[in-house]
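A short worksheet on the structure shown next.
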Amino acid sequence: MEMARAWSKMMMMVMLMLASTISAKEQLSTKECEDLGFTGLALCSDCHSLSEYVKDQELVSDCMKCCADDSEDSMSKVTYSGAILEVCMRKLVFYPEIVGFIEEEKQNFPTLKVEYVFNSPPKLIMLDGDDERKETIRIDNWKREHLLQYMREKVKPTSSS
């Protein structure tokens, strides 16, 4: 009985690994991922952890289609041409770190646009060279220095700088 259970677990892990490698190749757009409830930067390791606790294979598959590879090499090489900082103007009072960044640091990033969208939580929308949305990251609890460091690392400097 114990051998059968171990065999079953091993087969389940093999199936999950196969499913993750197959579905990892198929990526959904940021909008499709947000519609599925995956916002912010979902790491593929988070999807693997999810699969251990949730037995809904469709949910795990969707997670894998929306995740970003979290190996050090792949994450450090990703850069963007620009970004949009989206926030609700009425909620800004609750985010002094973001207000400070907008007022004192935004001018250092010419490709950063601030958009005020009613009822939107603070988030960064990272853009590719065609101004297509590539990644959305919630920044509710970020400190100003973390936002500054992230922008320096991830947004390509403009040719004029």
Chain lengthening between residue 81 and residue 69 when straightened (0.36 nm per residue, less Cα-Cα)
2.4 nm
Lys and Arg at +1, Asp and Glu at -1: add these up for the other residues within a Cβ distance under 9 Å of residue 87 and post the number.
0
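Among residues other than residue 107 whose Cβ falls under 15 Å from its Cβ, what is the net charge (Lys/Arg +1, Asp/Glu -1)? Intermediate results must be reported in sequence, preceding the final value.
Values: positive: 106, 113, 144, 152; negative: 103, 104, 105.
Its environment carries a net charge of +1.
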Less than 14 Å from a label point 7 Å out along the Cα-to-Cβ axis of residue 144: which backbone N atoms in region 74-118 qualify, by residue?
95-108
Here are some pairs, 31/55; 134/154; 106/156; which of them have Cα atoms lying more than 20 Å apart in this structure?
31/55
So, for region 70-154, what is the accessible surface per residue at a probe of 1.4 Å, expressed in square angstrom?
60 Å²
Segment residue 94-residue 27, extension gain: residue separation times 0.36 nm, minus the distance between their alpha carbons
20.7 nm
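The values are calculated or read from the model by the stated rules, or taken from the named source; none is laboratory data. Model, not experiment: these values are computed from the prediction. Here Cβ is always computed from backbone atoms with ideal geometry, including for glycine, and neighbour counts include all displayed protein chains. Quick note on the areas: whole protein, heavy atoms, side chains included, nothing else; ligands and nucleic acids left out. Shrake-Rupley method; radii C 1.70, N 1.55, O 1.52, S 1.80 Å.
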